[in-house]
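K.L.:
Just passing along the structure, written as structure tokens.
Derivation of every value follows stated rules applied to the coordinates shown; laboratory data play no part. What you are looking at is a predicted structure, and each value in this text was computed from that prediction instead of being measured. In this analysis, Cβ positions are derived from the backbone assuming ideal geometry, glycine residues included, and neighbour counts consider all displayed protein chains.
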Amino acid sequence: MAVRVWGMSSSGNCHKVRLILDYLKIPYEWIETDTRHKATQTDAFKQMNPNARVPLVQLEDGTYLPESNAILYYFAQGTSFWPADKLSQARVLQWMFFEQYDHEPRIAVNRAIQSIFNTISERRAEYEGNLSKGHRALSIMEKHLSENPWFGAGTTSIADIALYAYTHVADEGGFSLADYPHIRNWLGAMEKISGHSRMTGK
């Protein structure tokens, strides 16, 4: 049984899963699942993931595994995307927590408001409030990348995959990367990895 992925192509969290599988050349079946049409709210889907969200992976033994960063960790173990030493492992997790708590709630949410759900008029205050916080997160990334080529480890790790997902489409949420040259260089380095793809669809 091949790996199966329920995902929405316009979702950065889902794109993370596509990237790790493609980087590692793991065969999988992609099942397009559009949350805008309540595709995750059916009884059948909730039996697979009671939290009713994508991405969701079904492993070769039939086990279901949700949550993008947990999925990244599962597939990265034993590969170059998960470092061997304990401190680097902790640093990778540090940046993955940063992505979920400081980056994604600003960069991804504004992209959803502006480009996915087109609700900017109804959510103007939230959108504008996210701008300064999102630029703060980008500034933290920029400073780190001015001194390090990657996030958390000496080579590309799942922290880079996690942060790439929404950063490379930050402009779709009103965040220009013009003033972040080190981020732009890092994005370019990510896009040279064999099997890489940019996110498609809105």
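K.L.:
Return the sequence-ordered ³J(HN,Hα) values of the stretch 29-35 in whole Hz as given by the Karplus equation 6.51 cos²θ - 1.76 cosθ + 1.60 applied to θ = phi - 60°, using x for Gly and Pro.
P.N.:
Listing the rounded values in order: 9, 9, 10, 5, 9, 8, 5 Hz.
K.L.:
Sorting check: for 143-151, 98-106, 120-128, which peptide has the highest mean count of neighbouring beta carbons within 10 Å, and how do the rest follow?
P.N.:
Sorting 143-151, 98-106, 120-128 by mean packing, highest first, produces 98-106, 143-151, 120-128.
K.L.:
How large is the dipole of the stretch 133-202 about the Cα centre if only Lys and Arg carry +1 and Asp and Glu carry -1, each at its Cβ, rounded to the nearest 20 debye?
P.N.:
100
K.L.:
Just subtract the alpha-carbon distance of residue 120 and residue 70 from 0.36 nm times their residue separation and send over the number in nm, one decimal. Mind showing how you got there, number by number?
P.N.:
Numbers: separation 50, 0.36 × 50 = 18.00 nm, distance 3.07 nm.
Full-extension gain reported as 14.9 nm.
K.L.:
Let me ask another. Taking 25 Å as R0, compute the FRET efficiency from the Cβ-Cβ separation of residue 136 and residue 194 and round it to 0.05. Write out the running numbers ahead of the final one.
P.N.:
On the way: r = 33 Å, r/R0 = 1.33.
Using R0 = 25 Å, I get an efficiency of 0.15.
K.L.:
What lysines does residue 38 reach when the alpha-carbon gap must be under 24 Å and sequence neighbours fewer than 8 apart in one chain are set aside?
P.N.:
Straight-line reach from residue 38, under 24 Å: 16, 46, 202.
K.L.:
Dividing the Cα convex hull volume of the chain by residue count, how many Å³ per residue is that?
P.N.:
118
K.L.:
Under 8 Å for C-alpha pairs, at least 6 residues apart: give me the relative contact order for the stretch 3-76, rounded to a whole percent.
P.N.:
Taking the mean separation of contacting Cα pairs over the length of the stretch 3-76, I get 38 percent.
K.L.:
Something else: So, by mean Cβ neighbours within 10 angstrom, what's the order for 21-33, 62-74 with the highest one leading?
P.N.:
Going by the mean number of other Cβ atoms within 10 Å, highest first, we get 62-74, 21-33.
K.L.:
What fraction of the DSSP beta bridges in the chain is antiparallel, stated in percent and rounded to the nearest 5?
P.N.:
Numbers: 6 of 11 bridges.
Expressed as a percentage, antiparallel bridges in the chain total about 55.
K.L.:
To continue, here is another question. In whole angstrom, note down how far apart the Cα centers of the stretch 84-162 and the stretch 17-75 are.
P.N.:
21
K.L.:
Hey, what do the phi angles of the stretch 186-198 turn into as Karplus ³J(HN,Hα) couplings, whole Hz, using 6.51/-1.76/1.60 and θ = phi - 60°, x for Gly and Pro?
P.N.:
For the stretch 186-198, the Karplus-derived couplings read 5, 4, x, 5, 4, 6, 8, 5, 4, x, 6, 8, 8 Hz, x marking Gly and Pro.
K.L.:
In addition: List, in order, the whole-Hz ³J(HN,Hα) value for each residue of the stretch 56-68 obtained from phi through the Karplus relation with A = 6.51, B = -1.76, C = 1.60 and θ = phi - 60°; use x for Gly and Pro.
P.N.:
Those phi angles translate into 9, 10, 10, 6, 4, 8, x, 5, 9, 9, x, 6, 4 Hz.
K.L.:
Apply the Debye scattering formula to the stretch 19-107, with a single equal point scatterer on each alpha-carbon and no solvent, then give log10 I(q)/I(0) at q = 0.13, 0.16 Å⁻¹.
P.N.:
Debye intensities relative to I(0), on a log10 scale: -0.55, -0.81.
K.L.:
Any chance you could tell me what percent of the C-alpha pair distances in the stretch 86-190 go past 25 Å?
P.N.:
19
K.L.:
Less than 18 Å apart at the alpha-carbon level, and either on another chain or at least 8 residues along: which aspartates and glutamates does that give for residue 192?
P.N.:
Straight-line reach from residue 192, under 18 Å: 22, 160.
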